[in-house]
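Comments concern the structure below.
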Amino acid sequence: MSSGEPDLLGQDRAERRADPNRLAFYSKFKLEKITPYNHNTSSFTFALPEGTSSGLTVASALVVKSATEGEALDKKGKPAIKPYTPVTAPDVEGKLELLIKHYPGGVMTDHIFKLKEGDELQIKGPIPKFEYKANQFETIGLIGGGSGITPLWQVAQAIAANPADKTKVVLVFGNVTEADILLRKEWESLASKKPEQFKNFFVLDKAPDGWKGPTGYIDQKVLAQALPAPAHGEKIKLFICGPPPQVNSISGPKKSFKDQGELKGVLADLGYTAEQVRFSYSICSCRVHR
């Protein structure tokens, strides 16, 4: 796609480079395929115009809302919106894939899981979460839970696709059961192909017999074992994205979308600094530690 063509966001790429935080208007996209992933998660693939990619920056998200007026309204009677990070790479043409976990009672996830192939959803973006630059850090730690894995995967995917990027990646991913581990095959494939660059720690609260990984919650012991020490200073950065209780425990509560607030929790206890971390909530947003 040439630089003058509009991408998914309805923007000229040159315009977006000049103002990367500019949001496009909502556009309707047809749901092409629904693929069940596990007991509560499915992949939703939306069709993009031929020769068009999402063009999202790393790391950023999209915002979705119902394509039908009067549906999926919040408690105030306004259209509910929700951010998602695609699992397809930004340069993939013709489709956009969202891996979505169903939270019963959640207005948008209830709506999305009622959609059928051929239905439409309104999408706009990007919403920048943090700017990733190749080789900016020697090692990055990606800490997540549940659907918070998708923005972390976006970063790892970009690193793996760039042979010049030598950044080492450590994933610490917490889930309830083994069946809850999203994108497990993809993460294990990276670690298998580039074991010196990618390492995975899957943490299970309810581990099956014979499980060899960490168990329980992502606590001080797990993070001390997996992550590079705080003494590495500016050479490391930690990115966190998960459900609010998990993020609050690991790095403290996020004050607002733009303000991460004071670093607290397990990472503060281990001696990391606020400059080493960035975070956000998977149910509403995501955070990082440097």
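The values are calculated or read from the model by the stated rules, or taken from the named source; none is laboratory data. Keep in mind that this is a model prediction, so the values were computed, not measured. Note that we place each Cβ from the backbone using ideal geometry, even for glycine, and neighbour counts take in every protein chain shown.
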Sort through VAL87, VAL155, VAL63, VAL169 and tell me the only one that's in contact with a strand residue (DSSP E or B) (Cβ under 6 Å, 6 or more places away or on another chain) and in the same structural domain as LYS237 (by TED's automatic domain parsing). VAL169
Which of (1) touching a Phe, Trp or Tyr at 6+ places or on another chain (Cβ under 9 Å); (2) in a strand (DSSP E or B); (3) within 27 Å of ILE181 (Cβ to Cβ) does PHE130 not meet, given it meets every other one? (2)
Checking VAL169 against (1) more than 23 Å from SER43 (Cα to Cα); (2) of a type in the set (A, V, I, L, M); (3) more than 16 Å from the chain's Cα centre (by Cα), only one condition comes out false. Which one? (3)
Please count how many residues of segment 129-182 are in contact (Cβ under 8 Å) with a residue 60 or more places away in the chain and surrounded by 17 or more Cβ atoms within 10 Å (Cβ to Cβ). 26
LYS206 - would you say it is at pLDDT below 95 and in a loop (DSSP other than H, G, I, E, B)? no
Does ILE112 satisfy the condition of being in contact (Cβ under 8 Å) with a residue 40 or more places away in the chain, over 19 Å from VAL155 (Cβ atoms) and of a type in the set (Val, Ile, Thr)? yes
Please verify whether segment 22-35 includes one or more residues that are farther than 16 Å from GLN122 by Cβ, in the same structural domain as GLY106 (by TED's automatic domain parsing) and modelled with pLDDT under 90. yes
Being closer than 20 Å to ALA59 by Cβ, surrounded by fewer than 14 Cβ atoms within 10 Å (Cβ to Cβ) and either free of Cβ contacts under 8 Å to residues at least 40 places away in the same chain or out of contact with any Pro (no Cβ under 9 Å at 6 or more places or on another chain) (or both) is the requirement here; does GLU234 meet it? yes
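With the condition kept exactly as written, say whether any residue in segment 272-287 is at pLDDT 90 or above and part of a strand (DSSP E or B). Working first, answer last.
First, pick out the residues of segment 272-287 that are at pLDDT 90 or above: 272-277.
Pick out the ones that are also part of a strand (DSSP E or B) and you get 277.
Yes; the residues of segment 272-287 include at least one that is at pLDDT 90 or above and part of a strand (DSSP E or B).
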So is LEU183 closer than 21 Å to ILE240 by Cβ and touching a Leu at 6+ places or on another chain (Cβ under 8 Å) or not? yes
Is it true that ILE240 is among the hydrophobic types (A, V, I, L, M, F, W, C), part of a strand (DSSP E or B), in the same structural domain as LEU171 (by TED's automatic domain parsing) and surrounded by 12 or more Cβ atoms within 10 Å (Cβ to Cβ)? yes
Checked ILE149, ILE181 against criteria (out of contact with any Gly (no Cβ under 7 Å at 6 or more places or on another chain) and under 23 Å from PHE130 (Cβ atoms)); the one match is ILE149
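Looking at the structure I just gave you, is THR109 within 18 Å of the chain's Cα centre (by Cα), assigned to a helix (DSSP H, G or I), assigned by TED's automatic domain parsing to the domain that holds VAL58 and of a type in the set (S, T, N, Q)?
Criteria met by THR109.
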